Amino acid sequence: MKRIVMVFLFSSMILFSAFGGSGLAVETLYRSKRGTVRSYLGTSDYQGTELELLLTSRTVVDDLYVFNFFGGFTKALSYTSNGSDIDVSSVPLGWFYGAGNAIQVPFTDGSAAEVSVGYDSAYLQYNGDESRVDHLRIGLRFIQTSFDGLQFSLGLEYSKPLWGRVSADTGIVKYRYTGSAFAVLVGIGYQSW
């Protein structure tokens, strides 16, 4: 089922981007995160860093409102739980998908600032367990568009994990998060006219 969702998401991104006023963007994010996670198993503090590849399909309405849906992959670079470093070298790529909207404020010809709010669901399969964490994402981007339609973006993103669960052979464990993550993003895209 998840593979069907991913195929549909990425196919839709390409199809919607073919329409006027739409585009595709690819961004790389370097994220630092920290917080506390609670379940009936106990409480643990965490912190870490990760790299994310974000693919976004954008539809711009009246040069002001932007609807986007997105997906991508994450790779953990470091992780610490309750003060102990965890080796993440064997942890595979995680994947996510979501949707959001944004307000775009144009400055001069081709440059704009964008404030975005989105919601995503992130998945990771590791050692036979599957985890899912939902996030609220708030971003601030500065976008420069060339006359050929190429867009370059630079910005910051704040994300907050809302809830999560891990499905294992022994059952499902639900988690509550208090924490946040900050990311620096850089990207390139194409906007059709």
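The values are calculated or read from the model by the stated rules, or taken from the named source; none is laboratory data. Just so it is clear, the structure is predicted and the values come from calculations on it, not from any experiment. For neighbour counting, all protein chains shown are included, and Cβ atoms are generated from backbone atoms with ideal geometry for every residue, glycine included. For the accessible areas, the whole protein counts, side chains as well, though only heavy atoms, and no ligand, DNA or RNA atoms are used. Shrake-Rupley method; radii C 1.70, N 1.55, O 1.52, S 1.80 Å.
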State all residues of the range 69-94 that are in a strand (DSSP E or B) and in contact with a Leu (Cβ under 8 Å, 6 or more places away or on another chain); if no residue qualifies, say none.
Phe69, Phe70, Gly71, Gly72, Phe73, Thr74, Lys75, Leu77, Gly94
Every residue from the range 48-68 that is part of a strand (DSSP E or B), out of contact with any helix residue (DSSP H, G or I) (no Cβ under 7 Å at 6 or more places or on another chain), at pLDDT below 95 and open to solvent by 20 Å² or more (accessible area, probe 1.4 Å):
Val60, Val61, Tyr65, Phe67
Could you list, in sequence order, all residues of the range 112-135 that are within 14 Å of Ala102 (Cβ to Cβ) and open to solvent by 40 Å² or more (accessible area, probe 1.4 Å)?
Val115, Val117, Tyr119
Given (1) open to solvent by 70 Å² or more (accessible area, probe 1.4 Å); (2) under 14 Å from Val66 (Cα atoms), Ile143 misses just (1)
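If we scan the range 154-162, do we find a residue that is more than 19 Å from the chain's Cα centre (by Cα), within 20 Å of Thr36 (Cα to Cα), at pLDDT below 95 and not aliphatic (A, V, I, L, M)?
No, every residue in the range 154-162 fails to be more than 19 Å from the chain's Cα centre (by Cα), within 20 Å of Thr36 (Cα to Cα), at pLDDT below 95 and not aliphatic (A, V, I, L, M).
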State all residues of the range 174-193 that are aliphatic (A, V, I, L, M) and open to solvent by 70 Å² or more (accessible area, probe 1.4 Å); if no residue qualifies, say none.
Val184, Val186, Ile188
Just give me the residues in the range 132-152 being modelled with pLDDT of 90 or more and of a type outside the set (Phe, Trp, Tyr), in sequence order.
Arg132, Val133, Asp134, His135, Leu136, Arg137, Ile138, Gly139, Leu140, Arg141, Ile143, Gln144
If I ask for residues that are of a type in the set (S, T, N, Q) and either in contact (Cβ under 8 Å) with a residue 24 or more places away in the chain or in contact with a helix residue (DSSP H, G or I) (Cβ under 6 Å, 6 or more places away or on another chain) (or both), which ones from the range 137-193 would you list?
Gln144, Thr145, Ser146, Gln151, Ser153, Ser159, Ser167, Thr178, Ser180, Gln191, Ser192
Could you say whether any residue in the range 150-173 is open to solvent by less than 70 Å² (accessible area, probe 1.4 Å) and outside any strand (DSSP E or B)?
no
